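For reference, the structure discussed in these notes is given below.
Read the figures in this text as sums done on the coordinates, not as results from a lab. It should be emphasised that the depicted structure is a prediction, and the values quoted were computed from it without experimental measurement. Ideal geometry is used to build each Cβ from the backbone, glycine not excepted, and the neighbour counts take in all protein chains shown.
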Ligand code: MG
């Protein structure tokens, strides 16, 4: 890293299709629901959006570069490992996570009862206090693919702070 900015900001977005016969995992938490997210990994779109925000803050390639869906070894991988890889890249470049702000868009199931658990899970994975994690859940007002329950989407913004040496 040539430029040692004191703070870097990153943004991430992800969407996965809802389907039968899969688990619904968001932020590393399994949410009870009759549909789950389809993907090569565990398809945790919230964790993917966050990992991409961290990679983006570092101006690094996206998660598909580090975890190609063509590789068998990444099949059904726990997305927290993807997030940890993003954190490692940040760490190796001298940065740590400042705060993160997340939005999940899901028509169903109702996610508000799971906010604290998801925040606790991410807090543990990232090793930051949960008061540095914002998490909003909203619906798509029955509009579009997400509104028709075809998928769940997530947005993430994070800051990375240069570690003091
Ligand atoms: Mg994804």
Check: Is there any pair linking a residue in the range 29-45 that is without any contact (Cβ under 8 Å) to a residue 60 or more places away in the chain to one that is near the ligand (Cβ under 8 Å from one of its atoms) and assigned to a loop (DSSP other than H, G, I, E, B), with Cβ under 8 Å and at least six apart or on different chains, and which?
Finding: 36/43
Next item on the list: Looking at (1) within 13 Å of the ligand (Cβ to nearest atom); (2) under 23 Å from residue 23 (Cβ atoms), find the lone condition where residue 53 falls short.
Entry: (2)
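Is it the case, given these coordinates, that residue 128 is surrounded by 14 or more Cβ atoms within 10 Å (Cβ to Cβ) and in a loop (DSSP other than H, G, I, E, B)? Let's see the steps before the verdict.
Working: surrounded by 14 or more Cβ atoms within 10 Å (Cβ to Cβ): yes; in a loop (DSSP other than H, G, I, E, B): yes.
Judged against the criteria, residue 128 is a match.
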Next item on the list: Could you please find all residues in the range 133-152 being without any contact (Cβ under 8 Å) to a residue 60 or more places away in the chain and either in contact with a helix residue (DSSP H, G or I) (Cβ under 8 Å, 6 or more places away or on another chain) or not in a helix (DSSP H, G or I) (or both)?
Entry: 133, 134, 136, 137, 138, 139, 140, 141, 142, 143, 148
Note to self: Please go through (1) more than 14 Å from the ligand (Cβ to nearest atom); (2) closer than 18 Å to residue 126 by Cα for residue 59 and return the number of the only condition it doesn't satisfy.
What the structure shows: (2)
